[in-house]
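FYI, it's all coordinate maths here, none of it is from the lab. These numbers come from a predicted model, not from an experiment. Cβ placement follows ideal geometry from the backbone for every residue including glycine, while neighbour counts extend to all protein chains displayed.
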Amino acid sequence: MPDQQQPYEPERAVAGTGMGGGMDLAASEAATLEPDPERPDGARPQDRPRSLWSDAWRDLRRNPVFLVSALVICFLVLIAIWPSLIAPGNPLSCDLARAQDGPSPGHPFGFDGQGCDVYTRTVHGARASVTVGVCATLGVAVLGSVLGALAGFFGGGWDAVLSRITDVFFAIPVVLGGLVLLSVVTSNTVWPVVGFIVLLGWPQIYRIARGSVITAKQHDYVQAARALGASDARILLRHIAPNAVAPVIVVATIALGTYISLEATLSYLGVGLKPPSVSWGIEISAASPYVRNAPHALLWPAGALAVTVLAFIMLGDAVRDALDPKLR
Amino acid sequence: MLLEVRDLHVEFRTRDGAAHAVNGVTYAVDAGETLAVLGESGSGKSVTAQAVMGILDMPPGRITGGEIRFQDRDLLTLKEEERRRVRGAGMAMIFQDALSALNPVLTVGDQLGEMFRVHRGMSRRAARAEAVRLMDRVRIPAAAQRVGDYPHQFSGGMRQRIMIAMALALEPDLIIADEPTTALDVTVQAQVMDLLAELRREYDMGLVLITHDLGVVADVADKIAVMYAGRIVETAPVHDIYKRPAHPYTRGLLDSVPRLDRKGRELYAIKGLPPSLRAVPPGCAFHPRCPMARDVCRTDVPPLYEVSEDRGSACHFWRECLDG
Amino acid sequence: MAEPAAPGGRASTTAPAEPVLEVSGLVKHYPLTQGVLFKKQVGAVRAVDGVDFVLGRGETLGIVGESGCGKSTVAKLLCHLERPTAGTIRYRGEDVTRLSGRALKAVRRNVQMVFQDPYTSLNPRMTVGDIVGEPYEIHPEAAPKGDRRRRVRELLDVVGLDPDYVNRYPHQFSGGQRQRIGIARGLALRPEVIVADEPVSALDVSVQAQVINLMERLQDEFDLSYVFIAHDLSIVRHISDRVGVMYLGRIVETGTDTEIYEHPTHPYTQALLSAVPVPDPEARAHRDRIILSGDVPSPAAVPSGCRFRTRCFKARERCALEVPELAVPAEFRHQQGPAAHDSACLFAAERQVVR
C-alpha cells in the first residue's frame, strides 16, 4: 500500500534512523523532502533540470578535497606533457664530480649518486608515472567493464567461466607475477608495464562492473524497455550502463594511484623501466644505497610519488562521495 | 491520561535547510483506548511516534518544542537511562517491517528472552520458558519447537506476531504500532489486527495505531487524529468522523477511497500533492488543495477549533464542512 | 445465458464480444536446482499453474490475489517478459506465445505494461522526454522523426503533466507524477491492451484516486483494454468489469464484479472479501468475518487436490483427492442468476460477506 513502501531512493535517505532498513520510518516521512517540482498551486518551477552528473559536479566544486587533488593532478599532467616548462635542464646530463651534493642555487633539490640534478629528474620522471597510471587504468577499465557488463547482463555459462578466471587472477601475487613476467621483456618502455597491469588489474573492475550491472538489471525500467521491444544492445547501453558506471569510475580513479605506485615498485625492483629511462621508481632505487649520505636524492622522488598517489586516491574518494546516492 | 503529547515540534536538518516534520502536534491516549493516527507519507505521523518512543535519530532530527507526558512524567526531561526503563516496561513499539526490525543472526527465542534477562534479570532457562509462553500467547503454532528458529524462517504474518510478542514481553501500558499490517496480505492482516485488539483488551493497554488505511481505522480505533503536513487537522471519536468529517482533508480522503460494497463511477480526487516539509504553504497547509479555500486560509494558520466536547478541527470553516 | 454448446457448464460468463487477448492453460514453472556445476532439478516453483481468461475490447479484467499467488507472473507472461512453460496467449486470434525477433517486436506494440513501483520503473539517467519518447526510437515506424517531440508533449498533456517538463529527470517528481510518466510511456505506441501490475499500490491514498481516474479516462479516450492486477479488492471492484481471483497460481473464481463481490461462491473469495477492512465503523458490529488460519503454502509445495484446502474452513476429505475444475458448480448449473458463475470449489455455496 502507499506510504512506507517505496524502495530505496537516493534522496530519501536523508533522515534515516537505521532502524527499519530500506523501509526506514523517518526516511519515508522525509519523502516529501525531495525537490517538489509541481507545486500544488501550479507555480512554475525555477530550477534548471538536473541530472546525477550535474548534481555530482555541483557537490565536487564545493569540496576542498576535490579542489586540492584536482589541482595537483592538473599540475602533474601538465609537467608530464611539458616537463621542460619548469625544468629546462637535460635529465641525462650528469656530472659525477657533484655526486651527492646538497642543494645549491639553480639546483634546489641537490644531486644524486651519479651527479644528476634531482629536480630535473624528478620533474621528468612524472611522465612515466602518469603515462603508466592513465594508460593502465584506461585498459583495465575498458577490458574489465566490458567483460563485467557482458557477464552480468547475460549471466549463464560465460559468467561462470569468466568469474572463475578472475578468481585465478586474484590468486596471483602482483609483485611476484611482475618479477616473473616482466623479467623476460627486453623493451625499455612503459608499455610492458602497462600491459602487465592491465592483465592483472581487469578482474577488479570486472567484479565491480558485473555487480553493478546485475543490480541495475533488476530495476523495473529495464523490464519496461524490454516490454517496449528494446534490443539487448539498447538496454545495455542506454539503460544499464549509465546506471552502473559510477562505481566503476570511483574504483578506477583510486586504482590509478595504486598503478602509479606499482610502476615505481616494479622499476625499483628492476623489472619495470630501466636506466637510462627516467622514472621515480628508478630514482628511488638508485638513491637507496646511499640514503645516509644523500637523503635528498631519495626523498624528492619518493615525495613526488606519495603526493601523486595520494592525490588520485583523494580524488577517487571525493568522486565517490559525490556519486554515492546514499549521501544525497 | 496515559500518554499526552502537547504542542510537539520536530525538525530535520538537511543539506537544503530545515524540514519541519512535526509542527505542534497534540494528542492523548488513555489506558484501554485505541487512538488511530491517520496520515499520508510525510504527514509526520511516524516521526511523532518516534519522538514519543525516544528513538528519533538526533541528529538530523531535533525536538524543538513541546511536551510528552507519560504517566505524569515529562519524558523529554528524563535522563537517557530513565528513558530506557520507560521503553519496554512502560511503552513498546511495533514496526511495519518485522524482518528488518528483528535481528537476523539471533533466534527469536534469544531475542524474546533477552527482554527478560535484561529487564528482569532472569536466568537463561527461565527467559526461554517465558519466550515460549509469549509465542504461545500470540498464537504461533508449535511455539516450543520454533523458539530456536531464526526470523527468516517465519512467514510475514508470523514475524509480525513475534514483533507483537516482543512488544508485549514486559507488559507495557502503551503500545505504539506503526503501520503494523501494511506489508501483510489482507487475510493475514485480519488475523494480526484481531490479535492486537484482543491483547489490548486483555492487558488494558493504550494503543496508538499509526496507519494510512481508513478501513483499518474504522475496524479498530476508538478515536482518530488526522495528520497533514506535520499538524493534526482533525480529531474525533471514530463514529463521528466517518459520518460527518469536520475538515475538508478528511472529507477528501473518505471520498477518494474506492468502496468494496459499492461501485461508483468517478472517484473524488484531492487535487495536487502533499506539500514539501521544507516549504509548507503559509496559512492553512492544506489550502492549495482545498475546494473550500478562501483568502483567510492563505494567511492565517487555523487553530484546532473545538467542534464539540471531544472533537476538534483545524479548519476555519469547519461548520460548513460538517454540514457537507 | 443460454450459451449454445457449453459442455460441463463452461463459459457461463458472457464471453466478450470481441476478444483481444485469449489466454489458455498458461503455466510458468521456475525450476529449483541443486548443485553448483552440474545443476540437477529437484522441484519447481509453480508460480502460474494453469490460467485461462479472455479479455474483451475496451474491457477491464481485474486479477486479485495475495502475494505469491502468481498474479505478477501473469503480467510478465502477457507482456512477453517471461516465456511460459506451457499454454498459449492469443492476440486477436493469433498465437503469439512463442514469437521472437521481429514478429515479437511487432506484437509488443499492442500490449504495454504499467509497473507498480514508480521509483524504479523510470530510468533515473534519462529525461522525461527521453523516457516517453523511447518507444518511438525502438519502433521508428510508429512516428516520423520530426513529429516525435510534439507527440511526447502531447502525451504528457494527456496524462495531466505540464509538457514543459520534458527536460526534467524522474527524481524531480513525486510518486503520483512518476506513475503518470510511466502511463504516458505505455500509451506512446497506442497499444490496445495495457497490463497494469499494482499501478497504484505504492501511492498515497489521495494520489491513488487521481491515477485511477486518469486510467479510466484514458480507457474511454483510447479504447483501451486493461488487465488490472492488484491486491486491493476495493480498487479492483471500482475499475473492473470482470474479476478473477487467484490463489497459488490458479484462478479460483471468476465473474462480473457483481457476481464476485455480491455473490461469491468460493470460500477463498469469501474469506478474502470478509477480511477487507471497510471504512465504516458502523459496519464493525454486523460484519460477517471469516478469519483464515495459517499462511499461503509455498508455490514450490502445492497441496494435493484443491490447493486452498489447507486453509479452508469447509475442507473435507474429498478436497485432498480431487482437483476442482474452474466451471459453474453443479448446484448452480441450471440456475440463472449472479451465483451461476465459474468457481473452482467442490462445495461451492453462496455467502454474502459484503454489505
Cα Rg, Dmax (largest Cα-Cα span) when computed across the range B:55-152, Å: 16.4, 49
Computed [θ] at 222 nm, deg cm²/dmol, chain B (DSSP H ≥ 4; -39,500 (n - 2.57); rounded to nearest 500): -10000 deg cm²/dmol
C:TYR169, C:TYR91, C:TYR268 arranged by Cβ crowding within 10 Å, fewest neighbours leading: C:TYR91, C:TYR169, C:TYR268
Base-10 log of normalised Debye intensity for the protein assembly as shown (one unit scatterer per alpha-carbon) at q = 0.05, 0.08 Å⁻¹: -0.39, -0.91
Label-point separation, A:TRP158 to C:ASP130 (7 Å along Cα→Cβ), nm: 2.4 nm
Net charge contributed by nearby residues that have their C-beta within less than 13 Å of C:ILE290 (K/R +1, D/E -1): +3
Most fluctuating residue given options C:THR127, C:THR265, C:THR60, as computed from a GNM of chain C linking Cα atoms under 10 Å: C:THR127
Using alpha-carbon coordinates, inclination of helix B:80-89 to the longest axis of chain B, degrees: 80 degrees
Proximal charge balance of C:HIS231 [Cβ under 10 Å; K/R count +1, D/E count -1]: -3
Per-residue ³J(HN,Hα) for the range C:332-344, Karplus 6.51 cos²θ - 1.76 cosθ + 1.60, θ = phi - 60°, Hz, x for Gly and Pro: 9, 4, 9, 8, 10, x, x, 6, 8, 9, 4, 8, 8
Helix-only CD estimate at 222 nm, as mean residue ellipticity for chain C, using -39500 (n - 2.57) per DSSP H run (n ≥ 4): -8000 deg cm²/dmol
HN-Hα J in Hz across the range A:202-208 - Karplus 6.51, -1.76, 1.60, θ = phi - 60°, x for Gly and Pro: 4, x, 4, 5, 3, 5, 4
18 Å Cα-Cα reach of C:LYS71 towards lysines, excluding residues that sit fewer than 8 places from it in its own chain: C:LYS28
Taking the range C:266-355 and dividing mean pair separation by its residue count, relative contact order in percent (alpha carbons under 8 Å, at least six apart): 33 percent
Which of B:ARG69, C:ARG153, B:ARG159 has the fewest Cβ neighbours within 10 Å, and the rest in rising order: B:ARG69, C:ARG153, B:ARG159
Sites C:SER67 and A:LEU176, calculated FRET efficiency, Cβ-Cβ separation with R0 56 Å, nearest 0.05: 0.55
Long-range lysine pairs (8 or more apart or interchain), chain B, Cα under 22 Å: 5
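Percent relative contact order of chain C, based on C-alpha pairs within less than 8 angstrom and at least six residues apart?
Reported as a whole number, the value is 20 percent.
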Global geometry of the range A:64-327, whether rounded, prolate or oblate, following the gyration tensor of its Cα atoms and the 1.5 cut on a/c: prolate
Among C:ARG83, C:ARG150, C:ARG242, residue whose mean-square fluctuation peaks in a GNM of chain C (springs only between Cα atoms under 10 Å): C:ARG150
Ascending count of other beta-carbon atoms within 10 Å, so fewest first, for A:THR253, C:THR85, C:THR254: C:THR85, A:THR253, C:THR254
Tilt relative to chain B, helix B:156-168 - C-alpha long axis, 0 to 90 degrees, to 10: 80 degrees
Label-point separation in nm, B:MET1 to B:GLU266, each point 7 Å along Cα→Cβ: 4.3 nm
Percentage, to the nearest whole number, of Cα pairs in the range C:266-355 over 22 Å apart: 36 percent
Whole-Å semi-axes of chain C's equivalent ellipsoid (Cα gyration tensor): 36, 24, 21
Degrees, to the nearest 10: B:108-120 long Cα axis against longest axis of chain B: 90 degrees
Chain lengthening between B:ALA197 and B:ARG125 when straightened (0.36 nm per residue, less Cα-Cα): 22.9 nm
Under 5 Å, built H, 5+ apart or other chain: amide partners of B:THR64: B:HIS9, B:VAL10, B:GLU11
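Relative contact order, percent, of chain B when contacts are C-alpha pairs under 8 Å separated by at least 6 residues?
On the way: 599 pairs, mean separation 67.0, N = 324.
It comes to 21 percent, rounded to a whole number.
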Whole-Hz couplings from phi, Karplus 6.51/-1.76/1.60, listed for the range A:288-293; x for Gly and Pro: 5, x, 10, 5, 5, 7
A:TYR290 versus B:GLU81: modelled label distance in nm, points set 7 Å from Cα along the beta carbon direction: 6.9 nm
Too-long pairs where the Cα-Cα distance tops 24 Å, listed order kept, from C:LYS76/C:LYS314; A:LYS217/C:LYS40; C:LYS76/C:LYS105: C:LYS76/C:LYS314; A:LYS217/C:LYS40
Whole-angstrom gap from the range A:89-158 to the range C:197-235, using each part's C-alpha centre: 62 Å
Spatially proximal aspartates and glutamates relative to C:LYS145 (Cα-Cα < 18 Å; intrachain offsets below 8 disregarded): C:ASP130, C:GLU134, C:GLU137, C:GLU154
